[in-house]
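Let me begin by presenting the structure, written as structure tokens, before commenting on it.
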Amino acid sequence: MNIHLIAVGTRMPAWVTQGYEEYSKRMPRECNLKLVEIAPGHRGKNASIEKAIEDEGKRMLAAIPKGANVIALDEKGKSWSTLQLSKQLEGWLQQGSDTALLVGGPDGLSPSCRASARARWSLSALTLPHPLVRVLLAEQLYRALSVLNGHPYHRE
């Protein structure tokens, strides 16, 4: 199974790339983490934020692999503990199809992305910077997989 992290934003700071890659490279082949970067919609003095979000959403939806289980990262979604995430991951692995995690840009996800998602997941009640979300997601997915595999990385 592949987990496709489909995220708005390109040209991340080095610390984001390094942090993401540190955890994504730890993932085994049977649960590969792939980053798909989506160019942000145009934002400027006279630009429409709604149009930018809509454009990002169209590109995100086009990047979702056919048959993938779609999860939207959304502050209004359900929060999962590490053990709950490991159960979710176990279910995704058992399904055998790829999973796509959608991370919106600075103004959030488009309504079409939210509507296409099977579930909405909130990482925190806090507002997190989108670059940090990439690192946090990669680490939490690695942690959840370590729980499933009985690896001592996660401690209760």
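Of the residues ALA47, ALA62, ALA125, ALA115, the single one that is open to solvent by less than 50 Å² (accessible area, probe 1.4 Å) and either at pLDDT 95 or above or not acidic (Asp, Glu) (or both) is ALA47.
Conditions (1) open to solvent by less than 70 Å² (accessible area, probe 1.4 Å); (2) closer than 26 Å to ASP98 by Cα; (3) in contact with a Leu (Cβ under 8 Å, 6 or more places away or on another chain), marked per residue:
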| residue | (1), (2), (3) |
| --- | --- |
| ILE3 | yes, yes, yes |
| THR17 | yes, yes, no |
| GLU21 | no, yes, no |
| MET27 | yes, yes, yes |
| HIS42 | no, no, no |
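State whether the residues of region 92-101 include one that is in a loop (DSSP other than H, G, I, E, B), loosely packed, with under 13 Cβ neighbours inside 10 Å, modelled with pLDDT of 95 or more and out of contact with any His (no Cβ under 6 Å at 6 or more places or on another chain). There is no residue in region 92-101 that is in a loop (DSSP other than H, G, I, E, B), loosely packed, with under 13 Cβ neighbours inside 10 Å, modelled with pLDDT of 95 or more and out of contact with any His (no Cβ under 6 Å at 6 or more places or on another chain). Does any residue of region 88-101 turn out to be in contact (Cβ under 8 Å) with a residue 40 or more places away in the chain, farther than 24 Å from LEU136 by Cα and touching a Ser or Thr at 6+ places or on another chain (Cβ under 6 Å)? No: zero hits.
The values are calculated or read from the model by the stated rules, or taken from the named source; none is laboratory data. Quick caveat: nothing in here was measured; it's all calculated off a predicted structure. Note that we place each Cβ from the backbone using ideal geometry, even for glycine, and neighbour counts take in every protein chain shown. In case anyone asks, the SASA skips ligands and DNA or RNA and just uses the protein heavy atoms, side chains included. Shrake-Rupley method; radii C 1.70, N 1.55, O 1.52, S 1.80 Å.
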